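A short worksheet on the structure shown next.
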Amino acid sequence: MTPRIVLLGPMGIGKTTAIRSLCGDALTDCEVPNLGVPMHGKETTTVGAEFGIVRLPSSDGELHVYGSPGQDRFGFLRRWLLSFAVGALVLVDIRQPDAMAYAAGIITHARESHPSTVLVVLSARPASHDVLEHFSRELAGQVGMAVPVLAVDVREKTQMLDALELLTAVLST
């Protein structure tokens, strides 16, 4: 069976952009006009599970990558996506005050509901090395385990492929 990876994160963090950078136009997206543009500052928003197929340079296989909507009202969809995923990339802006609670909540839920799911946190906005290190230590303390935390530019295919390579390397151990 093809491994399934889900991208999770708050609204506007770049999940659709990440999948688009990995898959180009060969993705199924679920974007609609955003009625809350003044509040969220973006023209469209995701209202369903996005889907793309990724071939990693280091293997002959492929991954099925799913993007989840970030709005709270789609929590049922995040839970469903996690139910069949072998891994998850959790995208956050680690400089935001709610990033720790968001990442820790996703990781805690995944560990309780789907203990074999491998998780990697992606800092999807620029942050210094010191901020990354601090966030990583604090997150490990809150969730009781080390979770890889990487800085990525979701627009850059090579950086997203590196994140998926790390996730699949952890899966194979």
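Values as computed for the structure displayed
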read-out: Filtered residues of the range 99-110 (kept if without any contact (Cβ under 8 Å) to a residue 60 or more places away in the chain and more than 17 Å from ILE5 (Cβ to Cβ)); value: ALA99, MET100, ALA101, ALA104, GLY105, THR108
read-out: The range 150-173: number of residues that are open to solvent by less than 30 Å² (accessible area, probe 1.4 Å), in contact with a helix residue (DSSP H, G or I) (Cβ under 8 Å, 6 or more places away or on another chain) and either closer than 13 Å to VAL118 by Cα or assigned to a helix (DSSP H, G or I) (or both); value: 3
read-out: LEU132 vs. criteria within 19 Å of GLN159 (Cα to Cα) and crowded, with 20+ Cβ neighbours inside 10 Å; value: no
read-out: Close pairs (8 angstrom Cβ cut-off, 6 or more residues apart or separate chains): closer than 17 Å to ARG125 by Cα in the range 153-167, among the charged types (D, E, K, R) anywhere; value: VAL154/LYS15; GLN159/ASP153
read-out: Close pairs (6 angstrom Cβ cut-off, 6 or more residues apart or separate chains): within 18 Å of SER123 (Cβ to Cβ) and basic (Lys, Arg) in the range 1-30, in a loop (DSSP other than H, G, I, E, B) and at pLDDT 90 or above anywhere; value: LYS15/GLY9
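The values are calculated or read from the model by the stated rules, or taken from the named source; none is laboratory data. All of these numbers come straight from a predicted model, not from anything done at the bench. Note that each Cβ is placed from the backbone with ideal geometry, even for glycine, and that neighbours are counted across all protein chains shown. Surface accessibility is based on the protein's heavy atoms, side chains included, excluding ligands, DNA and RNA. Shrake-Rupley method; radii C 1.70, N 1.55, O 1.52, S 1.80 Å.
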